[in-house]
1. Which pairs, out of Lys506/Lys539; Lys192/Lys564; Lys181/Lys315; Lys181/Lys246; Lys514/Lys653; Lys309/Lys335, put more than 20 Å between their alpha-carbon atoms?
2. Note down the magnitude of the dipole of the chain about its Cα centre, charges +1 on Lys and Arg C-beta and -1 on Asp and Glu C-beta and zero elsewhere, to the nearest 20 debye.
3. Need the C-alpha centroid separation for the stretch 297-329 versus the stretch 600-658, integer Å.
4. Mind listing the long-range amide H neighbours of Leu116? Cut-off is under 5 Å, sequence gap 5 or more, other chains count too, H placed in the peptide plane at 1.01 Å from N.
5. Mind listing which chymotrypsin sites (Phe, Trp or Tyr not before Pro) in the stretch 358-457 are in a DSSP loop and have 15 or fewer other Cβ atoms within 10 Å?
6. Which of the aspartates and glutamates could a cross-linker span from Lys314 if the Cα-Cα distance has to be under 18 Å and same-chain partners fewer than 8 positions apart are dropped?
7. Given the pairs Lys475/Lys632; Lys412/Lys495; Lys195/Lys475; Lys80/Lys428, which span a C-alpha to C-alpha distance of over 21 angstrom in this model?
8. Near the amide H of Leu83, under 5 Å away, which other amide H atoms are found, from residues 5 or more places off or on another chain, if H is placed in the peptide plane?
Amino acid sequence: MKQSVHHIRNKRIPNTRSFSLLDGLPVCLVLVAIVLGVGLSIRAQNRDDLPIPPTFDVEGIPAIKTSDVEHLFVDPSQVKSNLIWDVDRKNHSILITGDRSNIYRLDSPTGEPQNLIDGRSPETVRVSPKGGVFAFIDDKEDRDNFELYLRDENNQVRKLSAFTGKDESVESLVWDEKGEKIYYSQVDYESKTTKICRHDLSANACFDLDLKGIWNVIDLSSDKLLLKYWKSSSNQSLYVYDLASKKLTTIEEKGNSTRGFFGQDRVFWLSEGSPECGSENCLMSMEIRSGRRSRIRLPEGVLNLQEVKISPDKKSFLIQEMRDGIDNLRIGKLKKDAIVETVPSFVHGSYVIWNTRWLSDKEIVYTTENISKPASIEVFDTRSKRTTSWTKGQIPPQFGNTVKPPEIVKWKSFDEREISGYMVKPQKIEGKSPVLIYIHGGPQIIDRPLFDLQDIRFAAILGLTTIHTNIRGSKGFGIEFMDADNGAKRGDSVKDISALLDWIEKQPDLDPEKVIVRGESYGGFVALSSGLQEPTRVKAVIAEYPLVSIRGFLSQSWIDEFAKNEYGDPADEKLMKQLDWLSPLNNTDRWGGAPLFLTRGKLDARNPERDVLDLKSQLQEKGNEVWFIYAKEAGHGVSGRYVTAAMYEFLKKQLRRK
């Protein structure tokens, strides 16, 4: 959702999101942008000083010698990673990302991608069933306000959406079966209402529906639209809107229904927390004519169901499951109320899988990656049972074989709840390895063992072990776990990090005297709070474009139902005081002196700027070491060559500190 999710990592699905922050940019592409440092103007005091971008104001950061950091960066040709936007089944081609978050078309395995649109960073791309033509949404004209565009058969891009409010955004879209109309949801964040609209590629019209809150269009079948009402990451409901009768019918209001689709005269959806599913994530269906509901039995052995997608001919089902952050795919056919497996798990190796699509009735396309392998695109043929690589990931040779395979780690928190994550260690460790704890934003996302050149770089050069955490509040572990940090329980997530510090102390190859905590966005809040609550064990903190004060965050005019469900009612003064205690803002007398690396984008509409600047000033006035980057043209996400170099120098200094 436009302003409800605070994260940047793990945005691997170009059509989410949410994920968005460097918005529409998948993390692997953000990393490439960081590596390349494209477009920086030179403004340096000395010839060997690394240039500070003219759009940056920096405080407390010593001059950085280019010769000290040039080994961090690589030639762009040495990094290759591709993700899928969508498929063009009519032309048997794939729309993919390239070295930038643009749109390319790939017509054959390992072929040369053709650049279709330059200078755009879409959030969602959907190809017309006719082929060749596609629609997309992005926020190029107005940051965080996404509009609907069409790239037509003449290769021209034109805007289809029309806004009348001050803070509107197109959040979802689907094509009709003939490729003649686009149905989309248009959210007004000021009035907190949603319009469902239709565009016939000549003119648009919106339906007479009174929809409060955030709604998404997720599928279309004949004259029926499948809609999702998004209250929060753990509370999503499904409805069918009949275009002929103008009737809105409830499909599922109990539990959490995250995905759905039409097929075989039914509605199918993934549900969790409903009477039929309980705490499991299961597949439900409802017959459209009779209304009969049933839980669909899955093939034996399916665990932690992530997604189900039906083939274009509506005969086969692609099932995606996840175990300890690693994905598997299998295929089956529906017989009564059970999916019978026809193709067992066909992805060999330990990978995170993204962007699954049916390329045809018999072919599935998807991306695979892991910590040392950039994302590449594979196509599996269900007839021949063969997998063909359409693109190949590439990593700089100097960083090859420098880290061990990711290791799943689990520890018990203060209340005996099991918390987990994964650890990236250097291939060679001399003595004990210093530790960087990473906390994702969101908080309702999951951190998974993705390709991360920054992890590899820090491991190879600094000997640093990075532990990626999925503390309470993360998704992928059930609704109860995702809601376990809500409101007054916010401090429990910080205790999860304290419990991890206990765990680190017991590991023979990790150095508990050299632990740094890093977080982005909401993760930055937890990192700051951990530094406040653990003044002796946390040696330094990196907080990137962080949420600093929950009270300040909830004071913003756009705050919606999601934010209140997640963080609490701002009118509850007792709760606000409790949450104030977690933040170092106005509590710097409790800050133990840990050096702080802090960034802020001037255009960041998610978190109040005054809170960040006040925290910086308060810590500086107390004599604390603060490295601060203020990016005047950045929003919710600050990156680039200089940021990477400065963070490296910050880490290097802290690790050398006695």
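Values quoted throughout were computed directly from the atomic coordinates according to the rules given, and no laboratory measurement underlies them. Worth saying up front: this structure is predicted, and the values here are computed from it rather than measured. Glycine also receives a Cβ, built like all others from the backbone with ideal geometry; neighbour counts cover every protein chain displayed.
1. Numbers: Lys506/Lys539 18 Å; Lys192/Lys564 14 Å; Lys181/Lys315 25 Å; Lys181/Lys246 18 Å; Lys514/Lys653 11 Å; Lys309/Lys335 16 Å.
In this structure, Lys181/Lys315 lie more than 20 Å apart at Cα.
2. Details: 93 positive and 94 negative charges, 220 e Å.
Roughly 1060 debye, rounded to the nearest 20.
3. First find each Cα centre; the distance between them is then 42 Å.
4. The list, which skips near neighbours in sequence, is Ile103, Tyr104, Arg105.
5. On the way: sites: Trp358, Tyr366, Phe380, Trp390, Phe399, Trp411, Phe414, Tyr422, Tyr438, Phe451; in loops: Trp390, Phe414, Phe451.
Sparse-neighbourhood loop chymotrypsin sites (Phe, Trp or Tyr not before Pro): Phe414.
6. Of all the aspartates and glutamates, those that pass the test against Lys314 - Cα under 18 Å, at least 8 places apart if same chain - are Asp88, Asp176, Glu177, Asp219, Asp223, Asp265, Glu287, Asp337, Glu341, Asp361, Glu363, Asp381.
7. Details: Lys475/Lys632 33 Å; Lys412/Lys495 11 Å; Lys195/Lys475 28 Å; Lys80/Lys428 26 Å.
Checking Cα-Cα distances, Lys475/Lys632; Lys195/Lys475; Lys80/Lys428 exceed 21 Å.
8. Residues meeting the amide H criterion: Thr97.
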